[in-house]
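Participant: Let me begin by handing over the structure; questions about it come next.
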Amino acid sequence: MRSKIKILKLNPFEKDYSEAVARLYEFEGWISEKDDVSKINTAIQNSFCSFGAFDESGQMVGFFRAFSDGVGDAYLLDLIVDPNFRKLGVAGRLVEAVLAELKKHGLDWITCISTPMAKPVYSKFGGKMEGFSPFRF
């Protein structure tokens, strides 16, 4: 299955990914069917980079993006994989793609706040930041 999933950099200026990403967000309860999803593509456009995982039929089965100032800092967010494609390495491949893109641009302060489910994936690529605490405002 791993080889049949393609990881592609998204170009939200050429294609609207709102519906595809909304479908994935629904799996986690981040949005519901009644929510307006029309601004999702704008959020992707305003990201530094975003990647999708696509099955053989072209359906998006995973998504991940990063914010960045383009100079030194980046923040990872929205790692999500369709439940039918979990435990197949899709999340790890998405993380690899986003990290490679960020590092290609010389970004070296890359952070995120992990959910318990994503912690095993992120721990393969980075370590806990000692002496730092996340805050929500």
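Participant: Among the listed residues LYS103, LYS87, LYS119, identify the single one that is more than 25 Å from ARG136 (Cβ to Cβ), among the basic types (Lys, Arg) and loosely packed, with under 12 Cβ neighbours inside 10 Å.
Facilitator: None of the others qualify; the one that does is LYS87.
Participant: Here's another thing I want to ask about it. Read through the list (1) free of Cβ contacts under 8 Å to residues at least 60 places away in the same chain; (2) buried (at least 18 other Cβ atoms within 10 Å of the Cβ); (3) touching a strand residue (DSSP E or B) at 6+ places or on another chain (Cβ under 7 Å), then give the number of the only condition that ALA97 fails.
Facilitator: Here ALA97 meets the rest and fails (1).
Participant: As an exercise: evaluate GLY106 against (1) within 27 Å of GLU26 (Cβ to Cβ); (2) in contact (Cβ under 8 Å) with a residue 24 or more places away in the chain and give the number of the one condition it does not meet.
Facilitator: Just one mismatch for GLY106, condition (1).
Participant: Something else now. Take GLU33 and tell me if it is surrounded by fewer than 19 Cβ atoms within 10 Å (Cβ to Cβ), over 25 Å from SER114 (Cβ atoms) and at pLDDT below 95.
Facilitator: yes
Participant: I would also like to ask the following. Evaluate segment 30-53: report whether one residue or more is under 13 Å from the mean Cα position of the chain (by Cα), part of a loop (DSSP other than H, G, I, E, B) and among the small types (Gly, Ala, Ser).
Facilitator: Yes - at least one qualifying residue is present in segment 30-53.
Participant: Just checking, does segment 57-72 include any residue being touching a Ser or Thr at 6+ places or on another chain (Cβ under 8 Å), over 22 Å from VAL121 (Cα atoms) and surrounded by 12 or more Cβ atoms within 10 Å (Cβ to Cβ)?
Facilitator: No: zero hits.
Participant: Working only within segment 77-131, note down all residues that are assigned to a helix (DSSP H, G or I), charged (D, E, K, R) and under 13 Å from the mean Cα position of the chain (by Cα). If you could, list the steps in order and put the result at the bottom.
Facilitator: Step one: list which residues in segment 77-131 are assigned to a helix (DSSP H, G or I), which gives 83-85, 90-104, 119-123.
Narrowing the set further to residues that are charged (D, E, K, R) leaves 93, 96, 101, 103-104, 119.
Hits for segment 77-131 are ARG93, GLU96, GLU101.
Participant: Being modelled with pLDDT of 95 or more and of a type outside the set (S, T, N, Q) is the requirement here; does MET117 meet it?
Facilitator: It is false that MET117 is modelled with pLDDT of 95 or more and of a type outside the set (S, T, N, Q).
Participant: Separate question: Take segment 54-72 and flag every residue that is modelled with pLDDT of 95 or more, in contact with a strand residue (DSSP E or B) (Cβ under 8 Å, 6 or more places away or on another chain) and in a loop (DSSP other than H, G, I, E, B).
Facilitator: Of everything in segment 54-72, just one residue is modelled with pLDDT of 95 or more, in contact with a strand residue (DSSP E or B) (Cβ under 8 Å, 6 or more places away or on another chain) and in a loop (DSSP other than H, G, I, E, B), namely ASP55.
Participant: Does GLN45 satisfy the criteria of being out of contact with any Phe, Trp or Tyr (no Cβ under 7 Å at 6 or more places or on another chain), modelled with pLDDT of 95 or more and either surrounded by 12 or more Cβ atoms within 10 Å (Cβ to Cβ) or among the hydroxyl-bearing types (Ser, Thr, Tyr) (or both)?
Facilitator: Details: out of contact with any Phe, Trp or Tyr (no Cβ under 7 Å at 6 or more places or on another chain): no; modelled with pLDDT of 95 or more: yes; either surrounded by 12 or more Cβ atoms within 10 Å (Cβ to Cβ) or among the hydroxyl-bearing types (Ser, Thr, Tyr) (or both): yes.
So GLN45 fails the test.
The values are calculated or read from the model by the stated rules, or taken from the named source; none is laboratory data. Being a predicted model, the structure only gives us computed values, none of them experimental. Note that we place each Cβ from the backbone using ideal geometry, even for glycine, and neighbour counts take in every protein chain shown.
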